[in-house]
Amino acid sequence: MSETLQGSYNRRDFDEAPKTYTDQDFVDKIAKAGDFEREGLVILDAMSGPGKLGLSLQAREPNNQYVFLDFARSQLGKIPNNDRVLADVRYMPFAPNSLDRAFARYSIKDLNSDQQRRVIQQIRYGLKEEGQLIIADMVATEKTKPWLNSQHRMKQFYSGRDEAVDGSCH
C-alpha cells in the first residue's frame, strides 16, 4: 500500500461509517459464526480502523482478549484500553498458533488479488489449528456488481488510492 493510501486512512473519519459496523444483528452474526461465547479466546480485528466492530463484539462477549491491528496510527488511537498493533496486515507480527479467531470486515476487498492472498496466508499463519477466519463484506449480484465496483473505485480514488501503485480493489 502506498504512503498516500496509508495517509488517507489516517485522515479518514470512520465515525460516519455505515451502521453495519455496529448494527446489533451484524455483531450477533459475527459472534455466532466465530463461537465468541467461549471464554478465553484471542480474537484479532484485522484492518480494524477505529475498532467499531471489535469493540461491539467485546461489549457483547467481554471474556475474551481482543487485538486490534491496523496500519493507521490515528485510527488505532481511537480504540481505548485494548491491545493495539500498528502494523500492515500483509506482514503481521504474530507468532504461529497465537490466535483463536480473526475477522476482517469491509477491508480485504480494498487490496489487489495478490495482496488478498498474502493477507489470508498471514492470518492463517497466526491462527491455531482449530482457529477461524471470518470475512464480512459486501456481495453483489452479477447485474449490480459493475455498478457497485465503480462506486467503490470512486470512493477509493477520493480517499487517496492510486491504482497504478496499489492495484484495483475487488
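Laboratory data are not the source of any read-out in this text; all were calculated from the coordinates shown. Predicted model, so just to flag it, every value in this text is computed and none were measured. Cβ: placed from backbone, ideal geometry, glycine included. Neighbour counts: every protein chain shown.
Quick look at the numbers
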{"read-out": "Every residue from the range 97-132 that is assigned to a loop (DSSP other than H, G, I, E, B) and under 14 Å from the mean Cα position of the chain (by Cα)", "value": "106, 107, 111"}
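Conditions tested, residue by residue: (1) among the hydroxyl-bearing types (Ser, Thr, Tyr); (2) assigned to a strand (DSSP E or B); (3) surrounded by fewer than 21 Cβ atoms within 10 Å (Cβ to Cβ).
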| position | (1), (2), (3) |
| --- | --- |
| 36 | no, no, no |
| 40 | no, no, yes |
| 48 | yes, no, no |
| 59 | no, no, yes |
| 74 | yes, no, yes |
| 95 | no, no, yes |
| 134 | no, yes, yes |
| 141 | yes, no, yes |
